[in-house]
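The structure appears below as structure tokens.
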Amino acid sequence: MSSINADKIKKVHFIGIGGIGMSALARYFLSEKKQVSGSDRSLTPITEALNSEGVQIFGEQSADNITKDIGLVVYTEAMSTDHPEMEAAQKMKLPMVNYFEALGLAMNPYYLIAVAGTHGKTTTTAMLADIFEASEKDPTVVVGSLRAKTKSNYRAGRSKYAIVEACEYKRDFLHLKPDVLVITNLEHEHVDYYKDLADVQSAFRSLAEQVNEGGVVITDTANPNIAPILNELEVKVINYQDLLDLSLPLKQPGLHNRLNAAAALSVAKYEKLSVEEAKEALGDFSGTWRRFEYKGTCNNAPVYDDYAHHPTEIRATVDAARELYPDKRLVMLFQPHTYTRTAALFDDFARALGLADEVLIMPIYAAREENTTGVTSRELAVKALEFNNNVRYVDSADAAEQDLRLIITDQDVLVVMGAGTVTTVAKELVR
């Protein structure tokens, strides 16, 4: 990858362009006046938006989409090597990089602010985008969701600043060389790759060691999972808890969002931006897609859509809903995401789901996995009954939608939760 000169690339092709990260990077190269094309298995609102912005979209993935004039091929890690476009690009000996290698290629030349952590990356990145915009710093931003403010996952800036969400899966964030590294929090996650917490900590330690000379790590220094990775770091470390403001007015409820705000404010202070202006920007911050996103009502009950797919995230979302609607009954539809995560965190999931008043659990969303563990959502529902006697399994999204239309009233608040296809239920309920 080091031999690739991005300035000399004229055409970039994305295999799997419909992903949230891939589409953001496609927008970056488009803003750099490159010719951009891409393919995906199906056309979606994201690919339709890219097409309207000037990206050539192929609705079928075929070797014919690969031409010799392509200067760089970007592919998702989930792409198999025998994929027809992958094979065609290899046969033509075109330069090929995965998404995270391309992200580093594009963003490392900037003054890079990278936001990492098990939870809160997306929200904190989007908060920083709003703060730097309000401070007229004109940042380039890549965020792992759609900002409610702009309905986009990318912002083209013309300053030295780039703000990027940094994912730890498979140590992919090690392609980044940050000047400012934010670590929101740290837990054992991506259990199909990381064998334990220490393995996750080793990845974050490696990233912290890649912070450029004179840079800074901004994190919760008292967090027992984070403290070990900070020992004898050669760069400055700042505790974002010092700027935690429990009275800060935010449109997004919950302590977790106040912690995200504290991390964002700490970056602003370090970069010598006005903290008061930053707080004003946070007060106007309207969130991101699928992060406790208000969708509308069903039977006069407010309906929210949330990406939470880890027990800690479920607890945080439950707390947020309770804070916003203290007098309403909390109904939750949950879809577990991946078999390995569900099996490894089985008891924790059951306890977290027990915090709602009524819970429906859909079949596990497999994503990239085969079920080698044997775990099922039905078993999870049975386990959750130990903590809440109003939990049941539903075998499909259609069944969940039908059940919810019958049970929710104006005395309820509904949260549709998970990283898989469960989001479609929220859309249908408020249609």
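The values are calculated or read from the model by the stated rules, or taken from the named source; none is laboratory data. Not measured: the values here are computed from a predicted model. In this analysis, Cβ positions are derived from the backbone assuming ideal geometry, glycine residues included, and neighbour counts consider all displayed protein chains. When the accessible area is computed, the model is the full protein with side chains, heavy atoms only, and any ligands, DNA or RNA have been set aside. Shrake-Rupley method; radii C 1.70, N 1.55, O 1.52, S 1.80 Å.
For this structure, a couple of remarks:
- Boolean, Thr342 is β-branched (Val, Ile, Thr) and either under 25 Å from the mean Cα position of the chain (by Cα) or within 16 Å of Pro311 (Cβ to Cβ) (or both): yes
- Subset of the stretch 168-184 [open to solvent by 20 Å² or more (accessible area, probe 1.4 Å) and either touching a strand residue (DSSP E or B) at 6+ places or on another chain (Cβ under 8 Å) or on the phi > 0 side of the Ramachandran plot (or both)]: Lys170, Arg171, Lys177, Asp179
- Every residue from the stretch 131-154 that is surrounded by 21 or more Cβ atoms within 10 Å (Cβ to Cβ), at pLDDT 95 or above and not hydrophobic (A, V, I, L, M, F, W, C): Pro139, Thr140
- Of the residues examined, Ala308 is not one that is aliphatic (A, V, I, L, M) and without any contact (Cβ under 8 Å) to a residue 60 or more places away in the chain.
- Residue match in the stretch 400-409 (condition: at pLDDT below 95, surrounded by 19 or more Cβ atoms within 10 Å (Cβ to Cβ) and under 26 Å from the mean Cα position of the chain (by Cα)): no
- Test result for Leu355, within 30 Å of Arg258 (Cα to Cα), among the aliphatic types (A, V, I, L, M) and at pLDDT 95 or above: yes
The rows are residues; the columns are (1) more than 18 Å from Ala156 (Cα to Cα); (2) modelled with pLDDT of 90 or more; (3) acidic (Asp, Glu).
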position	(1), (2), (3)
Ala6	no, no, no
Gly21	no, no, no
Ala24	no, yes, no
Arg27	no, yes, no
Gly38	yes, yes, no
Phe58	yes, yes, no
Gly71	yes, yes, no
Glu85	yes, yes, yes
Ala89	yes, yes, no
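- Test: residue in the stretch 251-258 that is of a type in the set (A, V, I, L, M) and over 25 Å from Val430 (Cα atoms): yes
- Residue pairs meeting the criteria (Cβ under 7 Å; at least 6 apart or on separate chains; first among the β-branched types (Val, Ile, Thr), in the stretch 144-171; second in a loop (DSSP other than H, G, I, E, B)): Ile163/Pro139; Val164/Leu176
- Residue among Val303, Val237, Val211 that alone is hydrophobic (A, V, I, L, M, F, W, C) and part of a loop (DSSP other than H, G, I, E, B): Val211
- Tally, over the stretch 251-289, of residues that are open to solvent by less than 30 Å² (accessible area, probe 1.4 Å), assigned to a loop (DSSP other than H, G, I, E, B) and under 15 Å from Gly120 (Cα atoms): 5
- Hey, Phe349 more than 27 Å from the chain's Cα centre (by Cα) and either farther than 30 Å from Gly19 by Cβ or buried (at least 22 other Cβ atoms within 10 Å of the Cβ) (or both) or not: no
- The set of residues from the stretch 101-138 being in a loop (DSSP other than H, G, I, E, B) and touching a strand residue (DSSP E or B) at 6+ places or on another chain (Cβ under 7 Å) comprises Tyr110, Gly117, Lys137.
- When residues in the stretch 283-294 are screened for being farther than 16 Å from Glu136 by Cβ and over 19 Å from the mean Cα position of the chain (by Cα), 1 of them pass.
- Of the set (1) open to solvent by 50 Å² or more (accessible area, probe 1.4 Å); (2) over 26 Å from Gly120 (Cα atoms), all apply to Gly374 but (1).
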